[in-house]
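The values are calculated or read from the model by the stated rules, or taken from the named source; none is laboratory data. What you see is a predicted model; the values in this text were computed from it and never measured. Backbone-built Cβ (ideal geometry, glycine too); neighbour counts: all protein chains shown. The protein model used for the area step is the full one, side chains on, heavy atoms only, and it has no ligands, DNA or RNA in it. Shrake-Rupley method; radii C 1.70, N 1.55, O 1.52, S 1.80 Å.
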Amino acid sequence: MKILNPKVLMIAITPCLFLYSYTAMATSVFTHEEFEHNLYNELSLEIDNEFLDYERKIKNQDHTTTKIKFHNLLPSNITRLELRSALLGEYIYVGEYKSEIFVNIPNYAFEKDGFDSLIISLNNPSNFESYTIQQEVAYKTWEKDKTVNIYFLPFKKLDEASGTYYGYTIKLE
């Protein structure tokens, strides 16, 4: 029986431990909720209708289609994404979860310095559950011709300036 060198073993195990820790802790930035079947369906229908109203309104306004990419997120059994803008007071995306989506943003959002706080819900409709992150820290989110990259953190961090916690950051590219 061959015994592995402890240094080699640590080098081999460390990435696995980091990946496990990161994915296991990543859900701690989200609030988990389980719903009764009928309530989940009612809420989903209401959100769908709000999003459809937004989509109808935005077609009659000057708007820009913006790409959003999600990073550091490995959802399992998540099939539905709901993205709400605090600045606009609207659901700007409701649909299938993808790591890259496109949203229509009214041009006036870019004129207001582009700061926003997003409410992000990842849903598992088959189990009537939702994972939501909402934070009070606003980031520069909207800038014309820029991709919005949302980086989820492995755990919430304290923003010392505001005294609130945040679970994702945004980088424009």
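Key figures for this structure:
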quantity	calculated
Fraction of accessible area attributable to carbon and sulfur, segment 100-173 (%, probe 1.4 Å)	47 percent
Percentage relative contact order, segment 41-173, counting C-alpha pairs under 8 Å, at least six apart	24 percent
For peptides 124-131, 147-154, sequence by mean Cβ density within 10 Å, most packed first	147-154, 124-131
